[in-house]
Amino acid sequence: MSLRIPLYIEFKGKNVLVIGGGGVGTSRVRKFLNAGANVRVLSLDFSDELRRIEGIELVMGDARDADVLEKNIMWCDLVTVAIPDIGINDTVIELARKHKALVNLANDADKTEVVVPFDGEVDGIRFAVTTEGKSGVVARAVRDKFLKLLQEDEEVLNLLKAMDFLKKYMKENNVPVNVRMKMYFAVSSDEHFRKLVRDGRVEEAKDFAVKFIEEYMEGRREIDESVVRIKF
């Protein structure tokens, strides 16, 4: 039974070592480079695409050489193994523990410490999908379904705009955190607010939310406490 939990981790400025310069390694390089990481690739050969990518370090070397491997793992915050041969995995895991680096094994879903999922984003809504090694094809298909669903759901995208405004408004106006948590649930579950959002009248929804908060703070509006899912 997997005990992994999903997290989004800031990788800007972190060091990532990719072992393997083939197709999988190239894909990992693109992902971490786009996240702002410092990327180094250790391999005996490199794809044409890797040779064209600027801003990465290509190290010609054999990862089966323990000294070469350790020297590079010492540098990184995360090491990803992107070669078919699982023979070096145990050594990578041991060295990564020694030097306090995270491990992503693209060739062993059971032993990997970090899963690199298929991810997507629509107007600020980000999500990630993994089957934890069962099928990358299925994970990709689910990702694409989520993308299509969000792209077509104007109500959800409008709700995000309105709730983002609400959060910023309350912080800027120093609304106490316990009240803010109540307002997130109370406003978002209000029928009139949701109708404005549903109809695409986002600016009116924002104005309604401000009035809602003001009335609550002044004692002129009561809320249904049962909709509040986080209690302080």
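Those residues that are open to solvent by 100 Å² or more (accessible area, probe 1.4 Å) and outside any helix (DSSP H, G or I), I need them from segment 203-232; list them, please.
GLU218, ARG220, GLU222, ARG229, LYS231, PHE232
From the list VAL41, VAL24, exactly one residue is over 19 Å from the mean Cα position of the chain (by Cα), more than 16 Å from ASN72 (Cα to Cα), aliphatic (A, V, I, L, M) and not in a loop (DSSP other than H, G, I, E, B). Which is it?
Details: VAL41 fails: more than 16 Å from ASN72 (Cα to Cα).
The unique qualifying residue is VAL24.
Quick test of your reading of the structure: ASP85 fulfils all but one of (1) modelled with pLDDT under 95; (2) within 27 Å of GLU121 (Cβ to Cβ). Name the failing condition by number.
(2)
Filter segment 51-63 for residues that are open to solvent by 70 Å² or more (accessible area, probe 1.4 Å) and either of a type in the set (A, V, I, L, M, F, W, C) or farther than 20 Å from ARG28 by Cα (or both) and give the result.
MET60
What are the residues in segment 27-37 that are over 14 Å from the mean Cα position of the chain (by Cα) and open to solvent by 70 Å² or more (accessible area, probe 1.4 Å), if any?
We begin by selecting, within segment 27-37, every residue over 14 Å from the mean Cα position of the chain (by Cα); these are 27-30, 33, 37.
Within segment 27-37, just ARG30 meets the criteria.
List the pairs whose first member sits in segment 1-23 and is within 27 Å of ASP85 (Cα to Cα), whose second member is open to solvent by 100 Å² or more (accessible area, probe 1.4 Å), and whose Cβ atoms are under 8 Å apart, counting only residues at least 6 apart or on separate chains?
Every condition considered, the pairs that remain are GLY21/LEU44.
What do you reckon, is PRO84 more than 24 Å from the chain's Cα centre (by Cα), open to solvent by 30 Å² or more (accessible area, probe 1.4 Å) and closer than 20 Å to ALA109 by Cβ? Please lay out each step first, then the result.
Numbers: more than 24 Å from the chain's Cα centre (by Cα): yes; open to solvent by 30 Å² or more (accessible area, probe 1.4 Å): yes; closer than 20 Å to ALA109 by Cβ: yes.
Yes: the conditions hold for PRO84.
Results for (1) within 11 Å of the chain's Cα centre (by Cα); (2) open to solvent by 50 Å² or more (accessible area, probe 1.4 Å), shown as yes or no for each residue.
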position	(1), (2)
VAL116	yes, no
GLY120	yes, no
THR130	no, yes
ALA139	no, no
VAL156	no, yes
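Within segment 62-116, can you find the residues that are part of a helix (DSSP H, G or I), hydrophobic (A, V, I, L, M, F, W, C) and free of Cβ contacts under 8 Å to residues at least 60 places away in the same chain? If you could, list the steps in order and put the result at the bottom.
Of segment 62-116, the ones part of a helix (DSSP H, G or I) are 66-73, 86-98.
After this cut, where a residue has to be hydrophobic (A, V, I, L, M, F, W, C) as well, the list is 66, 68-69, 73, 86, 88, 92-93, 95-96.
Matches in segment 62-116: ALA66, VAL68, LEU69, ILE73, ILE86, ILE93, LEU95, ALA96.
Exposed (fewer than 13 other Cβ atoms within 10 Å of the Cβ), farther than 16 Å from PHE212 by Cα and at pLDDT 95 or above, is that true of LYS161? Break it down into steps so the answer makes sense when it comes.
Details: exposed (fewer than 13 other Cβ atoms within 10 Å of the Cβ): no; farther than 16 Å from PHE212 by Cα: yes; at pLDDT 95 or above: yes.
In short, no.
Would you confirm, using the coordinates I've provided, whether ASN107 is under 25 Å from ARG4 (Cα atoms), in contact with a helix residue (DSSP H, G or I) (Cβ under 9 Å, 6 or more places away or on another chain) and not hydrophobic (A, V, I, L, M, F, W, C)?
On the way: under 25 Å from ARG4 (Cα atoms): yes; in contact with a helix residue (DSSP H, G or I) (Cβ under 9 Å, 6 or more places away or on another chain): yes; not hydrophobic (A, V, I, L, M, F, W, C): yes.
When the stated conditions are applied, ASN107 passes them.
Could you tell me whether any residue of segment 179-192 is among the acidic types (Asp, Glu), at pLDDT 95 or above and open to solvent by 70 Å² or more (accessible area, probe 1.4 Å)?
yes
The values are calculated or read from the model by the stated rules, or taken from the named source; none is laboratory data. Because the structure is predicted, anything quoted here is derived from the model rather than measured. With ideal geometry, Cβ positions are generated from the backbone for all residues, glycine too; neighbour counts draw on all protein chains shown. Please note that ligands, DNA and RNA were not included when accessible areas were found on the heavy atoms of the full protein model with its side chains. Shrake-Rupley method; radii C 1.70, N 1.55, O 1.52, S 1.80 Å.
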